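Trainee: Next up is a structure, given as structure tokens.
The values are calculated or read from the model by the stated rules, or taken from the named source; none is laboratory data. Just so it is clear, the structure is predicted and the values come from calculations on it, not from any experiment. Cβ atoms come from the backbone with ideal geometry, glycine included; neighbour counts cover every protein chain shown. Surface areas here come from the heavy atoms of the whole protein model, side chains and all, with no ligands, DNA or RNA. Shrake-Rupley method; radii C 1.70, N 1.55, O 1.52, S 1.80 Å.
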Amino acid sequence: MAGNPRQAGGAAGGPGQDPVAVCRLADMPVVSDFSRQLDDIFYASSGTKSFADEATQAEFHTRWLGRYLEHYSDWFYVAVQGGRLIGYLAGCTDDPARVPRFSDIAYFKDLADQTLLYPAHLHVNVAEGLRGAGVGARLVARYVEDLRHAGIDGVHLVTGVDQRNVIFYQRNGFEAVKRLPWRGGEVVMLARSL
């Protein structure tokens, strides 16, 4: 999948703008201070804005971002424009209900019947000010294309039923397949067959 990362994923930016490169992390164009930019997008996109202590924050970071970089970097995608990270997709092809690495996320045991059908999963986050500009959709399209080439049958994600990202994922071909009560609220598993 190597090649010119500025052409990976398709379209350029608007008139007078640098093109948006959508590619795997390994093929990423140079981004100075990548880790800081990644964390900025991660925390700005998160529904959790405060932490009891540094250990709790580190655990949160590892759960939703760090483990993907460490163990699944082949399925980690970035969107870069003008040397700046503007979005990312953290993906994984392991069924989280059947892999011990994800046992810290308790709801997966209740979703195991569905994750069997849709084993891959993802998280997408885009920089503030660029949400709704098609960056997230391009990240999802690239990931789905690569999943198909790898012979993966389906992909899913889990989010709160009232989160703004539900509509985004539905626009990108995902459908609600299961809802669960969770920590005083409700989560929904959205999935897409490939």
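Trainee: Of all residues in segment 15-58, which are of a type in the set (Val, Ile, Thr), open to solvent by 40 Å² or more (accessible area, probe 1.4 Å) and closer than 15 Å to Gly82 by Cβ?
Mentor: The answer is Val30, and nothing else.
Trainee: Another question, if that's okay. Could you count how many residues in segment 112-135 are farther than 16 Å from Val99 by Cβ, hydrophobic (A, V, I, L, M, F, W, C) and out of contact with any strand residue (DSSP E or B) (no Cβ under 9 Å at 6 or more places or on another chain)?
Mentor: 0
Trainee: With (1) open to solvent by less than 80 Å² (accessible area, probe 1.4 Å); (2) free of Cβ contacts under 8 Å to residues at least 24 places away in the same chain; (3) more than 30 Å from Leu111 (Cα to Cα) as the list, and His61 as the residue in question, which single condition is left unmet?
Mentor: Just one mismatch for His61, condition (3).
Trainee: Given segment 108-194, what helices (runs of 4 or more DSSP H) lie entirely inside it while holding 3 or more residues that are small (Gly, Ala, Ser) and either open to solvent by less than 50 Å² (accessible area, probe 1.4 Å) or touching a residue at least 60 places away in the same chain (Cβ under 8 Å) (or both)?
Mentor: Because the criterion is at least 3 residues that are small (Gly, Ala, Ser) and either open to solvent by less than 50 Å² (accessible area, probe 1.4 Å) or touching a residue at least 60 places away in the same chain (Cβ under 8 Å) (or both), the helices (runs of 4 or more DSSP H) in segment 108-194 that meet it are 135-149.
Trainee: For the structure I just gave you, tell me whether Trp75 is closer than 21 Å to Val140 by Cα, aromatic (Phe, Trp, Tyr), open to solvent by 50 Å² or more (accessible area, probe 1.4 Å) and in contact with a strand residue (DSSP E or B) (Cβ under 8 Å, 6 or more places away or on another chain).
Mentor: So Trp75 fails the test.
Trainee: Among the residues of segment 91-107 satisfying the criterion of being open to solvent by less than 80 Å² (accessible area, probe 1.4 Å) and of a type in the set (D, E, K, R), which is nearest to Ala44 (Cα to Cα)?
Mentor: In this case the residue turns out to be Asp104.
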